[in-house]
Amino acid sequence: IFFRSIIMAEYGSLYDLSSAQPAWYQKSSVLGAFAVAACVVLGLSTISNDNATAQYAMPSPATMTRQPVIGPGAVQYNKPVAARAQHVVSRATQPRFNGFNNRFSTSLKAGEWAPTAKMPRKFIVGGNWKCNGDRASIKELVTALNSGETITGKGVEVVVAPPMLFGDYTRSMLRPDFGVAFQNCWVGGGGAFTGEVAADMIKDAGFDWVVLGHSERRSLPEIMETDEVVATKTAYAVEQGLKVMLCIGEQLEERQSGKTDEVNARQLAAVADRLDEADWANIVIAYEPVWAIGTGVVATPEQAQETHANIRAWLAKNVSPKVAEETRIMYGGSANAGNAEALAILPDVDGFLVGGASLKPEFLKVIDSWAKKME
């Protein structure tokens, strides 16, 4: 009737529908109009309900995402809430291992390494490629490194430091259980500092490590970084969320005059003055006797253990016993496949910063030396 009225009102003067058709047709047209009207009403109701549901319904937790926050230092979260929640671990529920380092103790799976009395700190091996290599040689080296057994779940961490230009290239090919570091960064944030790379940029590019204070940057006449410069870089890098391989060590004449501990203490003190205790969780110390770097001369196991123990004692006295217990100290003077096992078993040697040998497949054997500590 509704539709019939509309039609009549619009077209009645042109065509009289009621008088032009027989009675049976008029009755059927009325019934048809009722049916059409009912369908239209039901359709409009469904559309209205669907719109209301879409406007007011709460999304399920599995599909909710946090909108990106745009601003300086902002971190963007695009994972579903439910997926992110799986990675949240309460500090109160983290297991502790008899007072030993528990920084590597969360989310352990069956068979994974955990701190023990014999090996309280996770071993770490760094490969410093320095200013060496091109795309062809790096591809060849990475192919060799990728052939080694996985270190996932084992008691060793591996980080290689290619020349800065080849950082992304290396990472694009390198096995996922190895990390990639930069060899240097600027003392602060970005700005009018031609030729420099800020820690913020390194972090934003997706890298987690930087090597700072290497003896070559401290001693090469073209660079001559001071303790204060290294300390400033270290503090800023940690502030930006990077982990730092902090290199310290004495020259030959300082070793011969008995000043090894004095030099190490001076270099550490400059850094300690700029860090909070909690910052040391992101510091790994690399002790490099400068007289042994690239010379083929290696500190004896006794010399290495004595110096590492003295560094740990300095941390206990000047920072805290907890930091001393947990901080990893690498040895970095001409470590290679031939001497790694003899040094790895020393109680205060927690790994190696490897130079020349990291450019060869034998680097894998240096990595494997961590297992000697468990024997």
Cα-based Debye curve of the stretch 244-375 sampled at q = 0.15, 0.22 Å⁻¹ gives log₁₀ I(q)/I(0) of -0.69, -1.35
Rounded to whole angstroms and listed largest first, the alpha-carbon spread of the stretch 131-229 along its three principal axes comes to 41, 25, 25
Counting only protein heavy atoms and leaving out ligands, DNA and RNA, the solvent-accessible surface of M224 at a 1.4 Å probe, in Å² to the nearest 10, equals 100 Å²
Rounded to one decimal in nm, the spacing of the 7 Å Cα→Cβ label points at D204 and L252 is 4.5 nm
Of C185, C131, ordered by accessible area with the largest first and a 1.4 Å probe, the sequence is C131, C185
Sorted by chain and number, the residues with a modelled amide H under 5 Å from that of V354, at a separation of 5 or more or across chains, are G126, G127, N128
Calc'd 3J(HN,Hα), the stretch 158-165, phi into Karplus 6.51 cos²θ - 1.76 cosθ + 1.60 (θ = phi - 60°), Hz, glycine/Pro = x, comes to 10, 9, 10, 10, x, x, 3, 4
Per the C-alpha gyration tensor (a ≥ b ≥ c, the square roots of its eigenvalues), the stretch 287-327 is rounded if a/c is under 1.5, else prolate if a/b beats b/c, else oblate; here it's prolate
By the mean-Cβ-within-10 Å protection proxy, highest first, 292-298, 265-271 rank as 265-271, 292-298
Here the stretch 137-153 yields Karplus 3J(HN,Hα) values (6.51, -1.76, 1.60; θ = phi - 60°; whole Hz; Gly and Pro given as x) of 5, 5, 4, 5, 5, 4, 4, 5, 5, 5, 7, x, 5, 5, 10, 4, x
With label points set 7 Å from each Cα along the Cα-to-Cβ direction at N146 and M374, the distance between them in nm comes to 2.6 nm
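Which net charge results when you count Lys and Arg as +1 and Asp and Glu as -1 among the other residues whose beta-carbon is under 14 Å from that of T300? List each step's numbers first, then the result.
Working: positive: R255; negative: E302, E306.
Every neighbour counted, the sum reads -1.
Taking a ≥ b ≥ c as the square roots of the eigenvalues of the Cα gyration tensor of the stretch 234-318, is the shape rounded (a/c under 1.5), prolate (a/b larger than b/c) or oblate?
Details: a/c = 2.17, a/b = 1.75, b/c = 1.24.
Cα axes put the stretch 234-318 in the prolate bin.
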For V180, other-chain or 5+-apart residues with amide H closer than 5 Å (H placed, Pro excluded) are V160, D208
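What accessible area per residue comes out for the stretch 142-292, rounded to a whole number of Å², with a 1.4 Å probe?
Details: 6480 Å² over 151 residues.
Per-residue accessible area for the stretch 142-292 comes out at 43 Å².
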Under a 1.4 Å probe, counting only protein heavy atoms, E149 has an accessible area in Å², nearest 10, of 150 Å²
Sorting S137, S369, S172 on solvent-accessible surface, 1.4 Å probe, most exposed first, gives S172, S137, S369
Rounded to one decimal in nm, the spacing of the 7 Å Cα→Cβ label points at L364 and E262 is 4.6 nm
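Give me the percent relative contact order of the stretch 271-325, please, defined on Cα pairs under 8 angstrom at least 6 residues apart. Walk me through the numbers before you get to the answer.
On the way: 22 pairs, mean separation 18.7, N = 55.
Once divided by the residue count of the stretch 271-325, the mean separation gives 34 percent.
The values are calculated or read from the model by the stated rules, or taken from the named source; none is laboratory data. On a predicted model such as this, the values are computed, not experimentally measured, just so you know. Using ideal geometry, Cβ is built from the backbone for each residue, glycine included, and neighbour counts are taken over all protein chains shown. SASA here: full protein model, heavy atoms, side chains in, ligands and nucleic acids out. Shrake-Rupley method; radii C 1.70, N 1.55, O 1.52, S 1.80 Å.
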